[in-house]
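Taken together, the values in this text are just the output of simple stated rules run on the coordinates, not laboratory data. Keep in mind the model is a prediction, meaning the values are calculated, not measured. Cβ atoms come from the backbone with ideal geometry, glycine included; neighbour counts cover every protein chain shown.
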Amino acid sequence: MTSAIRHDWTKTEIQEIYDLPLMELIYKAATVHREYHKADEVQVCTLLSIKTGGCPEDCSYCGQAARYHTDIKVQALLPTETVIAHAQKAKETGSTRFCMAAAWREVRDNRDFDRVIDMVKGVNELGMEVCCTLGMLTEEQAQRLQEAGLYAYNHNLDTSEDYYKEIISTRKFDNRINTINNVRKAGITVCSGGIIGLGETHADRMAMLLTLATMPKHPESVPVNALARVKGTPLENNPKVDIWEMVRMIATARIVMPASVVRLSAGRIEMTEAEQAWCFMAGANSIFTGERQTLLVTPNPGVSEDMQMFENLGLKPMENKKTVSSC
Ligand code: SAM
Ligand code: DTB
Ligand code: SF4
């Protein structure tokens, strides 16, 4: 019997799943994974930082916040042709999704936004799933992006509502929810997840999953990031995320949002191939990879390394989805 897609999860239920004996949890997640997905397929996404650093926000994990003294090189919005060339290359190396990230607090209605609109049109014409992560959006801006062909918008909750203010002071959890709602209203698919390793409790993790899993429609993609510890940020000395915590988080997300694509996002560079295999077994079915071997400003495995890993694990890149699933 196929597990139902539920939107009425309780915090206790989610906690009980997270706390299952590890092998039991992985088995359950792997079972749900097979009900909703082809378990040997992994979505391959390429992430490009189209505007880097100098961000006015104070997200304490982020190397791109202007107020922290990090080694990041500030880079103004890249030319459209450069971005399209990167997308073309990403397509050639097997990516089906191209995600453009900007270190902005919010989108402003200016020439830079007009340029991003052109980039979205250009990448869409390549036949790829186009994704953006540009900070806060109004309903009208979301609409413009949709009309340009945007397929997905990434806007993470990052952590629980309670812990949010310990991590970011320059905006509120509610601002995040608002943007996600604006993206939904515009008919763009939602990509939203969070980070573990910020110093949050297990209860905070459950609260974040609860918010996602009780949305009227689950996010189509749920990125699970392990904190990438960036020198110069307030969280640079946090302990490395334990692999089994990552596996538990992925497995729980898989079980409570069965039809969603769960992305093993930041943190892969610090994992062995065997550790990543556990994440795929626990239900992760998407990764960021690429020629540049960086996420935004931190290292990531390269595409050839990842393709070798796929071969070793019997995995293959997922076909382009480009249809909005009804979860
Ligand atoms: N500025 C926009 C925003 O904050 O929504 C878009 C880019 S921002 C870098 C996108 C997401 O990357 C963040 O919400 C966060 O979840 C993730 N992220 C940023 N820095 C990270 C880090 N050091 N480790 C793990 N995830 C990180
Ligand atoms: C997401 O959830 N993870 C990506 C993407 N969405 C934009 C970003 C990860 C950033 C990791 C640290 C860095 O390189 O800045
Ligand atoms: Fe700016 Fe986004 Fe980094 Fe926060 S996470 S400092 S909003 S780039």
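Odds and ends about this structure:
- Sorting the segments 155-165, 298-308 by their mean number of nearby beta carbons within 10 angstrom, highest to lowest, gives 155-165, 298-308.
- Residues with amide H under 5 Å from that of E291, placed H, sequence gap 5 or more: V303
- Note on T214 and E311: with the Förster distance fixed at 30 Å, the Cβ-Cβ geometry gives a FRET efficiency of about 0.20.
- Computed from backbone phi, the HN-Hα couplings of the stretch 200-216 come to 6, 8, 4, 4, 5, 4, 5, 5, 5, 5, 4, 4, 5, 6, 10, 5, x Hz, rounded to whole numbers (Karplus: 6.51 cos²θ - 1.76 cosθ + 1.60, θ = phi - 60°; Gly and Pro given as x).
- Gyration tensor (alpha-carbon) shape descriptor, the stretch 53-202, a/c threshold 1.5: prolate
- Shape category assigned to the stretch 11-309 from the gyration tensor of Cα positions, a/c cut at 1.5: rounded
- Rounded to whole Hz, the Karplus (6.51, -1.76, 1.60) HN-Hα couplings of the stretch 96-103, x for glycine and proline: 10, 10, 10, 10, 9, 10, 10, 7
- Among 87-94, 59-66, the order from most to least packed when residues are scored by Cβ within 10 Å on average: 59-66, 87-94
- The stretch 11-309, relative contact order [Cα under 8 Å, separation at least 6], %: 23
- Most mobile of T233, T96, T252 in a GNM of the chain (Cα contacts under 10 Å): T233
- When each of the peptides 182-190, 220-228 is scored by the mean number of other C-beta atoms lying within 10 Å of its residues, the order from highest to lowest reads 220-228, 182-190.
- For the chain, the antiparallel share of DSSP beta bridges with both residues in that region comes to about 5%.
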